[in-house]
Each structure stands twice: as structure tokens, then as C-alpha cells.
Amino acid sequence: MQFARLVAKDIDKTLRDIKAEKTRVRRAGEIASRVEGFRLMKLLKEEIRAGRPGGMRLSPLTQIARRTRRKLNRKPLERLAVPVRYRASRGGDKYTVQVGYLTEDIGNAAVKSRNRISKSWARIVKFQQEGGSIPVTPDLRRALIDIGARLKKRRVREANVFFLKKSTRRLQVKPRPIIAPFWRAYRREAERNIERNFERKMRGERI
């Protein structure tokens, strides 16, 4: 009976060790993913501010877009760096890290509200990435005429853009993709970084 009890004790210890190792592996994987997700979030913000998400230069702003904002020489969509978010969540056995514009329908239901962007930001992001058109209201038409009148004194060629034809009812906005080119550019690198982060964490290194 002494021998049987000794074997049983050894089996229990082995099972505990296996469970502890599984937990260590899982945590290392999660930390490796979170670290890379945070890096990608910062990189995406930087590249949006530079007007080159994923190394692809965004279409330049039109004269109307440039002149209807206070900052004349700003980069296209640079303010869209503001709502870029990062989120890590677990749903059952699945661990997910998300980077970008986190809307209400992204991710596990239990963590939908975490780092979620507002509906207003979501509309802006969708419109700017997909493109579309905006209506030329009487107020907008008058505002453009005022800008054109001020420019006409010194920059006639630029000023002409602001005097719209009476038949113009909408202004077209070109699509400016952000997430798709960024992910194409960095997906493989992100996968390699997660693997390296995992290996370092399993060696006991701080990442």
C-alpha cells in the first residue's frame, strides 16, 4: 500500500505540473499578443498622422477641404489617428487582440463597450475610408463663395474652385483606405513578432 500511495502522489504532482505549464503557455501567448497589439496601435496612429498608413500615401486633400479648415497644410485624415484603439478579450478558449477603429459590432459581446469608439467617429471613419458625397446646401455654397472671394484678390486660379456651378448638388469624396493597407503591410511582421514575443516570455524574459 505504501508503494501505491507513492505512485498516486507522483501522478497528482505531474498533473499539477502539466496544468501549471498549460497556464504558463497560455499566459505567455496572451502577453505576446497584447504587446504586439499595443505596438501596432502606436504604429498605426503614427502612420495616419504622417498620411501614409501601411506605407501607402493617402490621396491629397482638395482645395476645398484644405481651405475649409483652419490648418491649411495638414495631412489628409490626420485626426483619424485619435480614435484608433486597442483591445484584448477572451471568449471561451479564444483570445483576441483588436487594433483599429473598434465599433460596437466588433469583438466578444461581453467586452463590446471596452475602448469602443463613438457612433459619430464610426460614421466619419466609414465615410472617409469608403468615400461618398456630401450635399451642397445653401449655407455651404455661401461659405465657399466667401472663401473664393477672399482668395480671388491674390490667387485667382485657386479661387475659381470655390465658385460652384448652379447644377452642382453634391461634392464627391474619394475613398482613403486606412486599415486594409496597414494590415497588408504588417500582418506577416505581426505574426513573426508574436512568435518571438512568445519565445522570449517562455524563456522568462520581460517583454
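Just so you know, all these numbers are worked out from the coordinates, no wet-lab data involved. What you see is a predicted model, and the numbers here were worked out from it, not measured in a lab. Backbone-built Cβ (ideal geometry, glycine too); neighbour counts: all protein chains shown.
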Legend entry - Residue order, fewest to most surrounding Cβ atoms within 10 angstrom, among 56, 202, 41: 202, 56, 41
Inset, instruction - Choose one answer from 48, 124, 18: the residue with the largest mean-square fluctuation in a GNM of the chain with alpha-carbon springs under 10 Å. - result: 18
Inset, instruction - Using R₀ = 22 Å, calculate the FRET efficiency as 1/(1 + (r/R₀)^6) where r is the Cβ-Cβ separation of residue 127 and residue 78; round to 0.05. - result: 0.85
Inset, instruction - Report the Stokes-Einstein translational diffusion coefficient (µm² s⁻¹, integer) for the range 118-205, Rh taken as the Kirkwood radius over Cα pairs, at 25 °C with viscosity 0.890 mPa s. - result: 141
Inset, instruction - Treat each spin label as a single point 7 Å out from the Cα along the C-beta direction, and report the residue 205 to residue 94 distance in nm. - result: 3.1
Inset, instruction - Normalising by the residue count of the chain, find the relative contact order in percent from Cα pairs under 8 Å and 6+ residues apart. - result: 24
Inset, instruction - Describe numerically, in nm with one decimal, the distance between label points set 7 Å from Cα along Cα→Cβ at residue 164 and at residue 50. - result: 3.6
Legend entry - Two-site FRET efficiency, residue 12 against residue 179, from Cβ-Cβ distance with R₀ of 45 Å, rounded to 0.05: 0.35
Inset, instruction - Quick one: what are the phi-derived ³J(HN,Hα) couplings along the range 138-150, Karplus 6.51/-1.76/1.60 with θ = phi - 60°, whole Hz, x for glycine and proline? - result: x, 5, 5, 4, 5, 4, 5, 4, 4, 5, x, 5, 5
Legend entry - Interchain or long-range residues, amide H under 5 Å from residue 171's placed H: 134, 136
Inset, instruction - Determine by what factor the alpha-carbon radius of gyration of the chain differs from 2.2 N^0.38 Å, reporting the quotient. - result: 1.58
